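Reading through the structure tokens given below for one structure.
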Amino acid sequence: MTASPGHPAARHRQPANFAALAREAGAEVNARFGHPLMNLPGTWIGALATVAVGDQPHQPIQPHTRPTPWSPWHYWWQAHYLDAMIDAGFLAVARGDRIEARIELQRARALLRGILVHNFGRFRNDFYDDMAWLALAAGRLDTLSVRLLARHDRLARRAVKTLARELHGAHDDVLDGGIYWSRKRDFKNTPANAPAALLLARIGEMEHAQSLLDWLRAELFDPDLGLHIDGIHPTANGRSVERTIYTYNQGPVLAAMLEVGRPQDLLHAAALIESVHQQLYTPGQGLRLEGGGDGGLFTGILCRYLALAAHDPRLPVQARRTASALVRDTAVVVAGQSPTQLSKAVQRWSILSAAATV
């Protein structure tokens with residue numbers, strides 16, 4: 001099948017060394033935002049923003065601005081910072097640089113310890129989506145450890161086990177299934193259920209992963225748009241639906257479909273990639289970017305999982321080409337950015353890392 005004019009796979013793109021750009025982006029994030037938590041050896045954490053200093057607006061954070069255990073720190077931003085480090089580690093392995101890969105692994109371990117210390121010695125959080133994201137990153141950290149050192153990482157495995165148990169406790173039969181977004185147990189949404197489904201599939205709990213995917217399809221899929229909406233509140237009269245479309249929600253749904261891999265999942269995955277192209281992509285601008293704050297992470301998350309799809313031989317060739325082109329076109333857009341907020345800086349790094357693989 002030939003891509004139609006205007007389709008991202010049909011557009012001419014200038015070649016870019018995304019691998020080099022990703023390395024530069026990672027070095028910038030670590031230098032400008034990262035530091036040992038309270039100068040504790042063996043820890044690492046990301047500050048939420050850089051501080052403008054004179055004519056040099058992107059200086060590393062100053063010591064008095066660095067987080068303490070009582071300062072704002074955004075658990076889920078740190079989880080995606082960890083995932084970006086693991087991306088960098090696997091990219092280093094792929095280019096045969098095991099020394100750099102070990103450096104990334106060591107820093108990732110320090111960040112996981114920093115998260116634990118900052119969170120007062122526990123991995124639990126009030127939000128189940130946050131916990132699913134950290135469990136996914138910790139699981140990848142453990143995989144990288146096995147790849148490089150031929151041994152599991154004990155802290156990462158502890159994080160996955162602890163957080164998977166929390167996710168199990170968030171599930172009930174209200175609204176016919178699904179897990180809650182938070183401990184308030186008043187909202188079930190794609191941001192919690194999609195990464196949870198992916199995590200459960202990755203740790204071998206395939207039946208539970210399938211049930212969450214089926215619930216997402218039945219309850220939170222908009223067939224007119226071909227995308228997943230935000231979530232549902234249980235009410236006295238039944239339910240109240242939040243129909244907002246977020247870019248990042250489509251990513252872990254796509255990855256969970258590929259991980260579960262039933263025939264219908266692969267069909268849905270190919271269709272989802274095309275819907276992302278139709279609904280969330282603009283020629284010359286790449287995938288929709290959501291702004292700062294939490295939204296600063298959203299498109300990076302989607303690109304990470306589109307890159308996985310681009311390599312999956314079970315998908316049609318055109319779907320894989322589209323996934324690849326969506327990532328690369330978005331990487332061209334963000335390559336020249338120099339964000340002053342951790343979320344957007346991690347997103348840029350994640351997008352460039354994804355582009356380096358496709």
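Overview of results
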item	result
Net charge over other residues, Cβ less than 12 angstrom from the Cβ of Asp214 (K, R count +1; D, E count -1)	-2
Solvent accessible area, Å² - Asp265, 1.4 Å probe, full protein context	10 Å²
Radius of gyration, Dmax [segment 217-334; alpha carbons; angstrom]	14.5, 48
Solvent-accessible area of Phe127 with every protein chain in place, 1.4 Å probe, in Å² to the nearest 10	70 Å²
Residue with peak Gaussian network fluctuation, the chain [Cα springs, cutoff 10 Å], from Lys188, Lys344, Lys161	Lys161
Contact order relative to length of segment 244-358, as percent, for alpha carbon pairs under 8 angstrom and 6 or more apart	30 percent
Value at 222 nm in deg cm²/dmol, rounded to 500, when DSSP H runs of n ≥ 4 in the chain each add -39,500 (n - 2.57)	-18500 deg cm²/dmol
Karplus-derived 3J(HN,Hα), 6.51/-1.76/1.60, for each residue of segment 91-106, Hz, glycine and proline x	5, 5, 4, 4, 8, x, 9, 6, 5, 5, 4, 5, 5, 5, 4, 4
Three semi-axes of the equivalent ellipsoid, the chain, Cα gyration tensor, whole Å, largest first	29, 26, 20
Normalised contact order of the chain, rounded percent, pairs of Cα under 8 Å and 6 or more residues apart	18 percent
For the chain, built as a Gaussian network whose Cα springs stay under 10 Å, the top-fluctuating residue of Val333, Val160, Val174	Val174
Range of Cα positions in segment 111-193 per principal axis (Å), largest first	44, 26, 17
Choice from Leu91, Leu267, Leu111 showing the highest fluctuation, given a GNM over the chain with Cα pairs closer than 10 Å	Leu267
Per-residue SASA entry for His311, accessible area with 1.4 Å probe, Å² rounded to 10	110 Å²
Charge dipole (debye, nearest 20) of segment 75-193; +1 at Cβ of Lys and Arg, -1 at Cβ of Asp and Glu	640 debye
Neighbourhood net charge (13 Å Cβ-Cβ; Lys/Arg +1, Asp/Glu -1) for Tyr180	-3
Coordinate range along principal axes, alpha carbons of segment 182-260, Å, largest first	36, 28, 18
Around Leu272: net Lys/Arg minus Asp/Glu count, Cβ-Cβ under 11 Å	-1
Rel. contact order, % - alpha carbon contacts under 8 angstrom, at least six apart, segment 68-137	43 percent
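The values are calculated or read from the model by the stated rules, or taken from the named source; none is laboratory data. Please read these numbers as outputs of a predicted model, since none were measured by experiment. With ideal geometry, Cβ positions are generated from the backbone for all residues, glycine too; neighbour counts draw on all protein chains shown. Protein only, heavy atoms only, side chains kept; ligands, DNA and RNA dropped before computing areas. Shrake-Rupley method; radii C 1.70, N 1.55, O 1.52, S 1.80 Å.
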